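Throughout, read-outs are computed from the coordinates displayed, never taken from laboratory work. Because the structure is predicted, anything quoted here is derived from the model rather than measured. Every residue, glycine among them, receives a Cβ derived from its backbone with ideal geometry; neighbour counts consider all protein chains shown.
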Amino acid sequence: MNAFLANMLLAIAWAALLGRIDLGNLAFGFLLGYLTLAWVGSVPGSRAYVSRLPRAAGLLLFFLWELVLSTLRVALDVVTPHPMRRPGVVAIPLDARTDLEITLLSSLITLTPGSLSLDVSEDRRYLYVHAMFLDDPEEFRRGIKEGFERRVLELLR
Amino acid sequence: MDTLLWYVAGSLAALGTLFVLLAAVGILRMPDLFTRMHASSKAATLGAILVLSAVAVRSGDAAVIVRVVLICLFLFLTAPVAAHVIARAATRTGVPLSDETVLDELSEHRKIREE
């Protein structure tokens with residue numbers, strides 16, 4: 001986190017040097033600061049931070065894409081007279097172990113329309129997810145594991 | 001430029017309102033609690049965020065934009081927690097799934113554990 005703080009300070013310094021602290025200057029300063037950190041690479045913790053930021057951005061973009069896609073799917077199902085839904089509860093075996101990992105994963109699952117995390121088994125081995133379009137449970141399980149869980153674990157480990 | 005921003009803001013607001021309307025219709029049309037949660041909780045969040053972005057685009061003021069970003073962040077943090085807690089309470093108190101349900105591994109696992 002130190003490297004993130006350094007990145008913020010560099011952004012503020014850049015905006016202050018230009019004499020106007022507004023959103024554009026801060027954003028550009030942040031980008032410059034990030035490139036500087038990536039280039040210098042000797043601030044404590046900066047190496048992990050440099051590789052982590054693109055992953056966080058990737059997770060965010062992937063999530064927004066999923067959000068739009070599945071919102072449209074649910075919306076379509078709401079308005080059509082002959083719904084395509086096949087609701088069901090799927091148990092997803094978890095590779096995520098810590099509280100933070102499981103919380104982030106289940107929150108992301110809940111935030112995407114069409115999937116809703118219900119509960120975690122007491123031994124923390126399964127996450128139960130209610131899905132709205134369960135055409136193929138195996139496919140759904142794989143989608144969550146290789147999409148969200150892989151990305152969350154890459155980001156946090 | 002100003003007219004263009006008007007159109008962008010207007011479309012965002014219209015789209016957002018549409019999502020909120022669909023969420024409301026979804027609550028009426030879905031067969032059980034869980035499918036209703038699918039229809040309402042997320043579509044309503046997305047709708048609110050779209051309306052907020054319309055405000056941000058229209059005003060163009062940095063202070064307003066920062067506030068909109070913060071509100072979106074808080075919505076994203078709180079909405080899944082609320083949805084999850086409702087759904088979890090429902091499963092624990094045994095709210096029935098609709099007849100359309102094709103698979104229920106939670107009950108299957110519970111049965112195995114009880115035996």
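Worth pointing out:
- Computed across the range A:3-44, the Kirkwood radius stands at 10.0 Å (inverse of mean 1/r, all Cα pairs).
- Shielding by partners for peptide B:46-53, expressed as the average number of C-beta atoms from other protein chains within 10 Å of each residue's C-beta, is 1.
- Applying 1/(1 + (r/R0)^6) with r as the Cβ-Cβ distance of B:Val25 and A:Ala16 and R0 = 41 angstrom yields a FRET efficiency of 0.20.
- Taking 0.890 mPa s as the viscosity and 25 °C as the temperature, the Stokes-Einstein diffusion coefficient of chain B based on its alpha-carbon Kirkwood radius rounds to 149 µm²/s.
- 12 Å beta-carbon shell around A:Val152, net charge (K/R +1, D/E -1): +1
- Peptide A:115-122 - average C-beta neighbours from other chains (10 Å radius): 5
- With θ taken as phi - 60° and the Karplus curve 6.51 cos²θ - 1.76 cosθ + 1.60 applied, the whole-hertz 3J(HN,Hα) list for the range B:27-38 is 4, 6, 8, 7, x, 9, 4, 5, 5, 5, 4, 4 Hz, x standing for glycine and proline.
- Once the Kirkwood radius over Cα pairs is known for the range A:48-156, the Stokes-Einstein relation at 25 °C and 0.890 mPa s delivers a diffusion coefficient of 168 µm²/s.
- By the beta-carbon count within 10 Å of each Cβ, the least crowded to most crowded order of A:Asp119, B:Asp2, A:Asp99, fewest first, is B:Asp2, A:Asp99, A:Asp119.
- Shielding value for B:79-88 is 5, the average number of Cβ atoms from other chains within 10 Å of each residue's Cβ.
- Taking the average, over residues, of other Cβ atoms within 10 Å as the packing measure, peptides B:92-102, A:107-117, A:20-30 rank A:107-117, A:20-30, B:92-102 from highest down.
- Taking N as its residue count, the alpha carbon Rg of the range B:75-115 over 2.2 N^0.38 Å: 1.44
- Computed from the C-beta positions of B:Ser98 and A:Glu139, the FRET efficiency with R₀ = 22 Å rounds to 0.50.
- Mean projected area in nm² (Cα convex hull; one quarter of hull surface) for the protein assembly as shown: 17.0
- Proximal charge balance of A:Gly58 [Cβ under 13 Å; K/R count +1, D/E count -1]: +2
- Alpha-carbon spread of the range A:1-106, three principal axes, descending order, Å: 61, 35, 20
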